[in-house]
Amino acid sequence: MAEAVRAPLPEDKAERYAALRAEIAAVIAGEPSRTARYATAASLLAGAFPGRFFWTGFYLVDETKGNELVVGPYQGSLGCLRIPFGKGVCGVAAARRETIVVPDVHAFPGHIACDSRSNSEIVTPVFDRTGALAAVLDVDSTGFNAFDGIDRAGLEAICGELLTLD
Ligand code: SME
């Protein structure tokens, strides 16, 4: 059960990600629902970086289609419902099965503008225990060039915690 009063998060960004990873892992430990795990991560991540994380959430592989993402738990303004593999930043990250950092979304060919206030983003794949792609984590910022290698390492580590029960 999550504590009602949480310890303050470290100021240093890498340390903040490490603390978040531990907190997310503790809250979702033993929870078999993917929805519950993704929703927990979206909430804690968005809450940890309030000025920088404008939209924080998951697009899930639609298992009935295999090559399309459908929106999952998120924090932020209204997101697009479906994204084909290969389209937009999320769809390209899903097709390549790798993290994509985009300093200026307006310069990314095929970027899908769910909210015109987003200017940069990072999308990180989530794999299940078999190595199959399960989802992507999409974080958007209103700032340009908002994400760096520390964000990439931190978000990849957190995505690695999310499917340990599958
Ligand atoms: N920016 C994304 C679309 C999803 S929303 O921004 C929530 C993309 O191009 O993949």
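The values are calculated or read from the model by the stated rules, or taken from the named source; none is laboratory data. The shown structure was predicted, so the numbers you read here are calculated from the model rather than taken from an experiment. SASA here: full protein model, heavy atoms, side chains in, ligands and nucleic acids out. Shrake-Rupley method; radii C 1.70, N 1.55, O 1.52, S 1.80 Å.
A few comments on the model shown:
- Sequence-separation-based contact order of the range 13-161, relative, with Cα cut under 8 Å and 6+ spacing, percent: 23
- Bins of 10 Å from zero: percent of alpha-carbon pairs in the chain: 11, 43, 36, 10, 0
- Rounded to whole Hz, the Karplus (6.51, -1.76, 1.60) HN-Hα couplings of the range 41-53, x for glycine and proline: 5, 4, 5, 5, 5, 4, x, 7, 10, x, x, 9, 9
- Per residue, the chain exposes 48 Å² of accessible surface when a 1.4 Å probe is rolled over the protein heavy atoms with every protein chain present.
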